[in-house]
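A short write-up of the structure that comes next.
What follows is calculated from the coordinates using simple rules that are stated; it is not laboratory data. This structure is a prediction, so every number in the text was calculated from the model and none was measured. For neighbour counting, all protein chains shown are included, and Cβ atoms are generated from backbone atoms with ideal geometry for every residue, glycine included.
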């Protein structure tokens, strides 16, 4: 199966089949698993509902939980709440356009219902295109061979964060744009790569990291034109050309990201918007925090080592497989490529350094600076090369297994188990409202269980402190 080449039609069928499996699982979960009532943000729908609306909402409603509620609100009402600044506008804009078209075709259902339908079909369409792009990208990262492409696509279609690639989330759109950036760079289409990187920066905040790939490939090209046999003037000219042309191109590409931050500033820092508390710091001018950073830091306690608490240990366990895999695949490679660059003057290592540096940075960033349980979906959408690295591990073990019998459990079996378990659990937990990626609700579940058992109100903080007490 690994060495069998797929046609685009085969990839399309495989990708659609995986989305059908996710869709069916979320329907079964919604029917069989008691829903968990969480106190997260709720989209308020003011439209009357007909029978068709209720059927569609029943079938697809599980795909709009958690952050999906924010995206529903933004798509229909725009940026009316300050918390919505944490969600970037590209996906809601695309879904809004699809909803307008769908509403013309199906005028009998409400616009809110068409938004739900459009979000699912848009993500499914982009997911299929992403699988095809990944198939095309794989040979560039595997010495020009096509032997891993099939396995890589299978891993992508059934990845541990699969539910988020069907839900009203940015994962699918972001991985598509990142794949377009990388494929464009390997095909030497620099302007096209910057264009897709620019779009990714208004899809998710970490899209700005994709410009690092553009700069790395441009730097390699500039260094190739620099030769010790050339005059100093020629080499200096090449350096200036790189700084002005390539640096300027990236600066232009960053304008949409800057424009959205400026929009947030103009939208909320005026006399018409009444804040529930004090005026946020970012309204005092563009200082150390952008609007996005302010919301993350002040509303969701995102910051360096803020998540290092005993009560968050289950979430670190949840994120451990992806953090270990990404770190184990990237840190050794990063050091090896840097040594090649320094000692062997191998400038061809620069793109590989960018890829491994990107993965190493996200490993450390997810571990220390974000709500660690989002690492699985963040990394599997931001690091498409991870699928290729994992496929290489599996291929290597298969070859080793054919040559010699191994008594220990192969690492690839752990990978299969991890993918299957997270694919299944996520597809059941997310649509029923359980905290697959949210911490504060885990705490509330613990509190509610303690309340049920004791009949009294016990805080989660006292629960964890009691566990640390020697008399507990």
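Overview of results
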quantity	calculated
Contour minus Cα-Cα distance for residue 299 and residue 348 (0.36 nm per residue)	13.3 nm
Per-peptide average of other Cβ atoms within 10 Å, ordering 214-221, 10-17, 303-310 highest first	214-221, 10-17, 303-310
Modelled FRET efficiency - R0 22 Å, residue 187 with residue 251, Cβ distances, 0.05 increments	0.45
Overall form of the stretch 36-102 per C-alpha gyration tensor (a/c, 1.5; a/b vs b/c)	oblate
The chain: relative contact order in percent, alpha carbon pairs under 8 Å with at least 6 residues between	21 percent
Gained length - residue 39 relative to residue 101, 0.36 nm times residue gap less alpha-carbon distance	19.0 nm
Cα long-axis angle, helix 255-268 against the chain (0 to 90 degrees, to the nearest 10)	30 degrees
FRET efficiency, residue 313 to residue 20 (Cβ-Cβ, R0 41 Å, nearest 0.05)	0.70
For peptides 103-115, 330-342, sequence by mean Cβ density within 10 Å, most packed first	103-115, 330-342
For the chain, calculated [θ]222 nm from helices alone, where every DSSP H run of n ≥ 4 adds -39500 (n - 2.57)	-21000 deg cm²/dmol
Förster-model FRET efficiency, 45 Å R0, residue 259 and residue 400, C-beta, rounded to 0.05	0.30
Contour minus Cα-Cα distance for residue 364 and residue 284 (0.36 nm per residue)	25.7 nm
Mean Cβ neighbour count within 10 Å, used as a protection proxy, ranking 367-376, 77-86, 262-271 highest first	367-376, 77-86, 262-271
With Cα atoms, 0 to 90° folded angle of helix 411-429 axis to the chain main axis	30 degrees
The chain: angle of helix 67-77 to the longest principal axis, Cα-based, in degrees nearest 10	80 degrees
The chain: C-alpha gyration tensor shape, a/c 1.5 cut-off, then a/b vs b/c	rounded
Zone of residue 136's modelled label, taken as backbone nitrogen in the stretch 181-221 under 17 Å from a point 7 Å along Cα→Cβ	181-197
